[in-house]
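Below you'll find the structure, written out as structure tokens, and then a few comments.
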Amino acid sequence: MNRLLRSSAISALVLLAGCAAGPGRDFEQRRASAESAIRDHGLANDPAIDAARADLEAALAGEQGVVWVDELELRAAVLHERDEKVEMLARLPMRNVFQLSTEKAVLRADSELALAQLEEATLEQRVRGCRPSLAWRVFEEREQIFVAYESRQEALLEWNRKLRRAGMMDEVRGTRFDLAVQVLLSKRSPEPPATALRTDLAVLPEVSPDAPPLDTTPEVVRAELLRGPGVDVHRARGRRYAALSEHESAARLPSPRFVDFAFEPQPYSGDDRQYGGRIAFEIPFGFEARARSRRFAALAHGEASRERALVRDQVQEVRAALETINAFRLRSRHWHDLLGQATAAEAIADRWYAGRSANPGQVSDLLDDVYAARTTVLDARERAGRAGCDLLTASGGTVAAWPQ
């Protein structure tokens with residue numbers, strides 16, 4: 001009996017040591033990477049991120065609560081027969097030993113799910129700021145184009161007025177030119193978008209004549225999607241349900257329930273001090289545990305199916321975004337040349353204005369073509385930028401990091 005009690009105590013210590021182990025290295029690396037992404041994108045003080053962090057801390061704290069023995073029950077009795085005698089009983093209640101490892105797996109899955117949700121919350125906040133950031137960058141670019149266009153048109157308006165005052169241009173033609181330019185300036189004056197966000201995010205692509213197309217092969221797209229936070233959340237939740245299923249299965253196995261150690265600190269007068277011990281086993285029928293295990297197994301299967309459905313839908317969205325980006329990149333030489341032609345035409349307009357080699361209307365028409373060329377390129381860049389936001393939304397990946 002003494003050997004049995006010592007073995008039980010040693011087993012308890014071993015299990016206690018094992019259950020107190022902290023998160024693994026891979027988990028900590030993922031957590032460090034998530035925190036780094038939060039800092040890099042300026043989300044450290046975001047309330048949604050703070051809430052997800054708190055959930056992760058709670059899950060990690062829960063992992064430390066898995067122990068085999070967490071209390072000691074002491075009982076004392078005073079008996080009177082011919083003299084006073086005292087009996088003591090020390091009872092060590094035990095949890096189901098087979099459920100300890102499975103419960104630890106459940107709590108580890110809770111932490112992994114909380115970490116995946118933190119990564120997903122980070123992505124959601126980045127996605128939330130992508131389109132507004134793009135809108136602001138497009139506004140800044142459009143404003144620069146307009147300022148250059150407006151300053152030259154204002155100079156032409158002044159030249160036109162001088163010609164009219166000098167009698168070198170008839171009143172109808174001069175007035176018509178003045179009114180037409182004023183209308184164009186009013187229409188083309190950019191206004192800040194209602195949902196704009198001033199950031200340093202590189203959401204508006206530059207025109208690079210040698211930009212290679214992004215890889216759109218199904219294998220690459222699927223591989224990138226499987227690394228996304230949305231997939232990780234379904235996968236982590238599925239592992240949690242699978243661990244809960246195993247936990248309920250373990251509840252059907254017989255396990256020690258408690259160990260007692262009885263002794264007499266004060267026996268009857270003349271009697272020897274008595275010692276004793278006993279161990280109790282719990283033998284469950286397992287009907288309820290079997291039903292719960294099947295329920296969690298079905299939920300795990302459901303999460304796996306949701307993961308497949310998510311990837312299926314995201315493949316379509318990602319490939320559509322990649323095709324838009326590639327269409328812009330394949331015409332990058334054209335966009336580059338068009339901007340070059342616009343700059344050359346603007347220089348010609350400046351020279352004609354300086355030398356008064358043409359009338360204001362002719363120079364203005366050339367400036368209109370310069371403005372149209374530059375805004376056409378900007379519109380193409382904006383479409384590619386929106387596709388980049390769509391790529392981030394669907395996959396969690398950026399254009400810069402996507403395989404080529």
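Quick one: dipole size for the chain, taken about the Cα centre, charges +1 on Lys/Arg Cβ and -1 on Asp/Glu Cβ, in debye to the nearest 20.
880 debye
Where the centroid of each part is defined by its Cα atoms, how far is the range 316-389 from the range 155-188 in Å?
Here the two parts' Cα centres lie 26 Å apart.
Pick from Ser208, Ser249, Ser357 the residue whose mean-square fluctuation is largest in a GNM of the chain, springs joining Cα atoms under 10 Å.
So, out of Ser208, Ser249, Ser357, the one fluctuating most is Ser357.
Enumerate the residues in the range 340-371 having an amide nitrogen under 20 Å from the point lying 7 Å beyond the Cα of Asp178 toward its Cβ.
Of the residues in the range 340-371, 359-365 have backbone N under 20 Å from the label point off Asp178.
With every protein chain present, what accessible area does Phe281 have (1.4 Å probe, heavy atoms only), rounded to the nearest 10 Å²?
Accessible area, nearest 10 Å²: 130 Å².
Specify whether the C-alpha gyration tensor of the range 299-404 places it in the rounded, prolate or oblate class, a ≥ b ≥ c being the square roots of the eigenvalues: rounded for a/c under 1.5, otherwise prolate if a/b is larger than b/c and oblate if not.
Because a/c hits 1.5 or more and a/b exceeds b/c, the range 299-404 counts as prolate.
What is the magnitude of the charge dipole of the range 92-208 about its Cα centre, with +1 placed on the Cβ of each Lys and Arg, -1 on the Cβ of each Asp and Glu, and no other charges, expressed in debye to the nearest 20?
The calculation lands at about 440 debye.
What angle, in degrees between 0 and 90 and rounded to the nearest 10, separates the Cα long axis of helix 229-250 from the longest principal axis of the Cα atoms of the chain?
10 degrees
Which of rounded, prolate, oblate describes the range 124-198, given a ≥ b ≥ c as roots of the alpha-carbon gyration tensor eigenvalues and a/c under 1.5 marking rounded, otherwise prolate only if a/b is larger than b/c?
Cα axes put the range 124-198 in the prolate bin.
Please give the FRET efficiency for Asp215 paired with Ala309, using the beta carbon to beta carbon distance and R0 = 25 Å, rounded to the nearest 0.05.
0.60
What residues have an amide H closer than 5 Å to that of Phe258, excluding those fewer than 5 places away on the same chain, when H is modeled at 1.01 Å from N in the peptide plane?
When sequence neighbours closer than 5 places are left aside, the close amide H contacts are Met94, Ala280.
Taking only DSSP H segments of four or more residues, each worth -39500 (n - 2.57), what value at 222 nm results for the chain once the sum is divided by all its residues, to the nearest 500 deg cm²/dmol?
-24000 deg cm²/dmol
To the nearest 10 square angstrom, what accessible area does Thr343 show with a 1.4 Å probe?
Accessible surface of Thr343 is approximately 80 Å².
If you average 1/r over all unlike Cα pairs in the chain and invert the result, what Kirkwood radius do you get in angstrom?
Here the Kirkwood hydrodynamic radius works out to 28.2 Å.
For the chain, give the percent of accessible area contributed by carbon and sulfur heavy atoms, probe 1.4 Å, rounded to a whole number.
Carbon and sulfur atoms account for 53 percent of the accessible area of the chain.
Provide the descending list of Cα extents for the range 237-328 along its principal axes, expressed in whole angstroms.
Here the Cα extents, ordered largest to smallest, are 102, 30, 11 Å.
In a GNM of the chain with a 10 Å cut-off on Cα contacts, which of Ala384, Ala44, Ala394 has the highest mean-square fluctuation?
Of the options given, Ala44 has the highest mean-square fluctuation.
In the chain, with Lys and Arg counted as +1 and Asp and Glu as -1 at Cβ, which of these residues, Ala309, Phe287, Phe98, has the Cα nearest the positive end of the dipole, that is, farthest along it?
Farthest along the dipole direction, towards plus: Ala309.
Work out how much length Leu72 to Val147 would gain on full extension: take 0.36 nm times their residue separation and subtract the Cα-Cα distance, in nm to one decimal.
Here the answer is 18.9 nm.
Looking only at Ala105, Ala61, Ala300, which one moves most when the chain is put into a Gaussian network model with springs between Cα atoms under 10 Å?
For the chain, modelled as a Gaussian network with Cα springs under 10 Å, the answer is Ala61.
With all protein chains present and a 1.4 Å probe, how do Met94, Met88 order by accessible area, largest first?
Output order, biggest surface exposure first: Met88, Met94.
Please arrange Lys104, Lys187, Lys162 by accessible surface area, largest first, computed with a 1.4 Å probe and ligands excluded.
Of Lys104, Lys187, Lys162, the descending order of accessible area is Lys187, Lys162, Lys104.
Counting only protein chains, not ligands or nucleic acids, how are Leu299, Leu204 ordered by accessible area (probe 1.4 Å), most first?
Leu299, Leu204
Kindly report the accessible area of the chain per residue (heavy atoms of protein chains, probe 1.4 Å, no ligands, DNA or RNA), in Å².
56 Å²
Run the quick spin-label model on Ile279 and Ala90: label points 7 Å from Cα toward the beta carbon, then report their separation in nm to one decimal.
1.7 nm
Taking only Cα atoms, what is the 0 to 90° angle, nearest 10, from helix 332-355's long axis to the longest principal axis of the chain?
Between helix and principal axis, roughly 40 degrees.
Using only Cα atoms, find the angle between the long axis of helix 97-165 and the longest principal axis of the chain, and express it within 0 to 90 degrees, rounded to the nearest 10.
10 degrees
The values are calculated or read from the model by the stated rules, or taken from the named source; none is laboratory data. Predicted model, so just to flag it, every value in this text is computed and none were measured. So basically every Cβ, Gly included, is an ideal-geometry build from the backbone, and we count neighbours across all protein chains shown. Heads up: the accessible areas ignore ligands, DNA and RNA and are worked out on the full protein's heavy atoms, side chains in. Shrake-Rupley method; radii C 1.70, N 1.55, O 1.52, S 1.80 Å.
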